[in-house]
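Encoded as structure tokens, the structure appears first; notes follow it.
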């Protein structure tokens, strides 16, 4: 690496650090609960997650760990997002094992709901409602209802 490449790299790093400094300052001003850590990244706030068995870090689930399921809140859009790892391939009876996996994730979500005092009785009205399952919602309760409907519908459809 010659001197000009090193200088260019140094300038890029300084630019990134300055930009990051002001972005953090902006989010701290806009959101009093903002802390620059592994649970916050810009407008995103990590709410909860279950680490994947193959995540080799010693950290608790956060934005940077590999998670089988997690909930992220976007402060700007005021929406909750559910993410589910679907890159697993199951041997033998694939549909049965997929349902076991989904039911395990639902069980972990239920535990999170119970541990944190969230209601599991979200009233989803059919009238003039979009009849698709969404991985984003205005509340954690709505997100839970969407996921539960998906898991139970998927497993019921395939007979598990």
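The values are calculated or read from the model by the stated rules, or taken from the named source; none is laboratory data. This one's a predicted model, so the numbers in the text were calculated from it and none came from an experiment. Cβ atoms come from the backbone with ideal geometry, glycine included; neighbour counts cover every protein chain shown.
I'd like to verify a number: residues in segment 146-159 that are out of contact with any strand residue (DSSP E or B) (no Cβ under 8 Å at 6 or more places or on another chain), surrounded by 12 or more Cβ atoms within 10 Å (Cβ to Cβ) and within 24 Å of residue 112 (Cα to Cα), how many? Of the residues in that region, 7 qualify.
Restricting the search to segment 123-158, which residues are within 24 Å of residue 99 (Cβ to Cβ), assigned to a loop (DSSP other than H, G, I, E, B) and in contact (Cβ under 8 Å) with a residue 60 or more places away in the chain?
First, pick out the residues of segment 123-158 that are within 24 Å of residue 99 (Cβ to Cβ): 124, 131-137, 140-158.
Those still in the list that are assigned to a loop (DSSP other than H, G, I, E, B) too: 124, 131-135, 158.
Residue satisfying the conditions is 158 alone.
Being closer than 22 Å to residue 31 by Cβ and touching a strand residue (DSSP E or B) at 6+ places or on another chain (Cβ under 7 Å) is the filter here, so list the residues in segment 44-64 that pass it. Before the answer, list the steps.
Initial filter on segment 44-64 (closer than 22 Å to residue 31 by Cβ): 44-49, 60-64.
If the condition is that a residue be closer than 22 Å to residue 31 by Cβ and touching a strand residue (DSSP E or B) at 6+ places or on another chain (Cβ under 7 Å), then 44, 45, 46, 47, 48, 49, 61, 62, 63 are the ones that fit.
Against the definition (in a loop (DSSP other than H, G, I, E, B), over 16 Å from the mean Cα position of the chain (by Cα), surrounded by 15 or more Cβ atoms within 10 Å (Cβ to Cβ) and at pLDDT 95 or above), how does residue 101 come out, yes or no? No, not satisfied.
Conditions (1) surrounded by 14 or more Cβ atoms within 10 Å (Cβ to Cβ); (2) over 21 Å from residue 54 (Cα atoms), marked per residue:
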residue	(1), (2)
73	yes, yes
83	no, no
109	yes, no
114	no, yes
124	no, yes
128	no, yes
144	yes, yes
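Scanning segment 85-98 for residues that are surrounded by 15 or more Cβ atoms within 10 Å (Cβ to Cβ) and more than 27 Å from residue 46 (Cβ to Cβ) returns a single hit, 97.
Among 81, 64, 15, which is under 24 Å from residue 110 (Cβ atoms) and either out of contact with any helix residue (DSSP H, G or I) (no Cβ under 9 Å at 6 or more places or on another chain) or outside any helix (DSSP H, G or I) (or both)? Going through 81, 64, 15 in turn, the sole match is 81. Total residues in segment 120-153 satisfying the condition of being in contact with a helix residue (DSSP H, G or I) (Cβ under 7 Å, 6 or more places away or on another chain), more than 13 Å from residue 69 (Cβ to Cβ) and modelled with pLDDT of 95 or more: the figure is 2. Would you point out the residue of segment 107-122, among those that are outside any helix (DSSP H, G or I) and closer than 12 Å to residue 142 by Cα, that is nearest to the chain's Cα centre (by Cα)? Within segment 107-122, the match that is nearest to the chain's Cα centre (by Cα) is 118.
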